[in-house]
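Notes follow once the structure below has been shown.
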Amino acid sequence: MKAVKLFIGLAFALVVSGASAQDFSDPQYAKWGETPEQRKENILASTFLKEELANRNYPQATKYLQQLLQNCPAASENTFVRGVTLYKNKINRAKSLAEKNVYVDSLLLLYDLRLQHFADHPKRGKAYILDRKAREHLTYREGDREGIRADFETALAAQTEVNGAASPELVAIYFKNLCDDYKNDIVDAMTIVNVYDKYSPLFASVDESQAEFKSQFETCFSTSGAASCENLQKIFEPRIVANPSDEALLANVYGLLAKANCESDFFLTVAEAYYGVKPQSSVAMMLAQVFQAKKNFDKAKQYLREALANETVGEEREKLLVRIGILEMTANNFAVAAKSFNEALNVDETDDDGLALYFLAQCYVAGSGDCGSELSKHAVYWIGYDYLQKALPLLEVTDASLAENAKKLANSYRSVFPTAEECFFAELKEGATYTINCGLAKGLSTRVRYRAQ
């Protein structure tokens, strides 16, 4: 330890010796003090501040910092850079909350003082200083929600003033905290809506390097709970009216409305306009769902069939065909529905669709009413049961609740199988191959099974 102190002492002596050789009456040193003596003393204090920080002698470093702030705060930007390092270390070493709060106050005050003297710095001026202060406030005094909002808003305003636009990163951080405040009932919904409205144009034109912050911004809004259908309409309806063909705007608004599960007339207007400028299967299916809920089946089928006519991706065609089949079933058009489900299954013959199989089974059973005899009518349930058994393992992966329904439906079909007596008189042995001879399932092969007694 003595050796270390001796080394430091020698180093300080060399610094003092070097400083003594300088002419501090030169105008270049004027910012360090009024007289050559004061300048020399303050320059040495700046050097010693750096050295004491390196040696973690924070009490002594604090004295040098206070000297510089009192005598020549505008002399060097490094005074504040080192001051921040000093107080962060003191915060981390504080032994009580009260002590920590004192150091946090000093840290934030350093940024205020730096702003007074270096606001016009070409690279690290007003916008930079306020940005750093806002982030430090959030880091070290997270519970001061009002103060944090105020510092972020001041920083964002400064960035807009100095740079022409706010930083997407800082906006994303600010908005995330604002949404947290909304969830904790500190700010109201319209505050969220207004801030989103203010900054969403900023993210409309950000490049790929800022895409992460755009995603954070949009996700915070859509999951905040403030993005109600009513609020979204208040924000975007005037913009849509003014720019009805703006694809980027329509895509953004459509996405927000869809996430909010909106089914209003405004949503339909936006979705139809978006589909008009960029037809997509996913949008067509969403439109079909809304129109189906409104009992407008013709409109729903129109969008699904238009999308199907233009879709070339097999997986998307399969989804569309299943949706068309479900819609036709809703309208009791079982023959058309069965055709659509079979087409869906034929899109990729190596990969069955659980939904198509599940609903196709019901179509075949529904078509058994056209069969003449009781035996031929009951035999259709063999096919229905077969398709449900194929659907079950697929549905268990994709939709557990629907898989449970399929199990119950399969059990109900078993209860309608032909009786052993019916099969005996028709000369049908259990396990033998049987070809359906009527209804929508006509021509399909299955196996003879007796109804459980």
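No lab work stands behind these numbers, since they all come straight from the coordinates. Just so it is clear, the model here is predicted, and its values are computed rather than measured. Here the Cβ positions follow ideal geometry from the backbone for every residue, glycine too, while neighbour counts run over all protein chains shown.
Side notes on the structure shown:
- Set of the stretch 35-59 residues, backbone N closer than 17 Å to the point 7 Å along the Cα-Cβ line of GLN22: 35-52
- Derived scalar couplings ³J(HN,Hα) [the stretch 239-246; Karplus, 6.51 cos²θ - 1.76 cosθ + 1.60; whole Hz; x for Gly, Pro]: 5, 5, 4, 6, 9, x, 10, 6
- Simple label model, 7 Å out from Cα along Cβ direction - GLU169 to ASP197, nm: 3.0 nm
- Couplings 3J(HN,Hα) of the stretch 315-324, computed from phi: 4, 5, 4, 4, 4, 5, 5, 5, 4, 4 Hz, in residue order, whole Hz [Karplus 6.51 cos²θ - 1.76 cosθ + 1.60, θ = phi - 60°; x for Gly and Pro].
- Nearest-ten-degree value, helix 97-118 long axis tilted from longest Cα axis of the chain: 70 degrees
- Zone of ASP180's modelled label, taken as backbone nitrogen in the stretch 121-138 under 11 Å from a point 7 Å along Cα→Cβ: 138
- Cα-projected label distance for LYS408 with SER282, points at 7 Å along beta-carbon direction, nm: 3.2 nm
- Three semi-axes describe the equivalent ellipsoid of the chain; taken as square roots of 5 times the Cα gyration tensor eigenvalues and ordered largest first, they are 77, 26, 17 Å.
- Gained length - GLU315 relative to ALA432, 0.36 nm times residue gap less alpha-carbon distance: 38.5 nm
- The stretch 96-213 shape via C-alpha gyration tensor axes, a/c threshold 1.5: oblate
- Alpha-carbon geometry of the stretch 375-453: the Rg and the Dmax are 13.3, 43 Å, given in that order.
- Amide H contacts of GLU311 (H built 1.01 Å from N, under 5 Å, at least 5 apart or other chain): none
- GLU396-THR350 FRET efficiency (beta carbon distance; Förster radius 25 Å; 0.05 resolution): 0.80
- Cα centroid separation - the stretch 318-333 against the stretch 26-79, whole Å: 79 Å
- Using θ = phi - 60° in the Karplus curve 6.51 cos²θ - 1.76 cosθ + 1.60, the 3J(HN,Hα) couplings for the stretch 348-363 round to 9, 5, 8, 9, 6, 9, x, 5, 4, 5, 4, 7, 5, 4, 6, 5 Hz; x is entered for Gly and Pro.
- Rg and Dmax [Cα atoms of the stretch 226-372; Å; Rg one decimal, Dmax integer]: 17.5, 62
- Close amide H partners of TYR434, meaning residues 5 or more places away or on another chain with modelled amide H under 5 Å apart, are THR446, ARG447, VAL448.
- Pairwise FRET efficiency - GLU142 versus GLU272, Cβ, R0 = 60 Å, nearest 0.05: 0.85
- A simple spin-label model places the labels of THR223 and ASN261 1.7 nm from each other, with each point 7 Å out along Cα-to-Cβ.
- The calculated FRET efficiency for the pair LYS123 and VAL206, based on their C-beta separation and a Förster distance of 25 Å, comes to about 0.70.
- Distance violations [Cα-Cα > 30 Å] among LYS50/LYS126; LYS90/LYS214; LYS408/LYS442: LYS90/LYS214
- For LEU156, neighbours were defined as the other residues whose beta-carbon sits under 14 Å from its Cβ, and their charges (Lys and Arg +1, Asp and Glu -1) total +2.
- Residues ASP207, ASP370 arranged by fewest to most Cβ contacts within 10 Å: ASP207, ASP370
- Distance histogram in 5 Å bins (all Cα pairs of the stretch 158-295, percent per bin): 2, 9, 19, 20, 20, 15, 9, 4, 1, 0, 0
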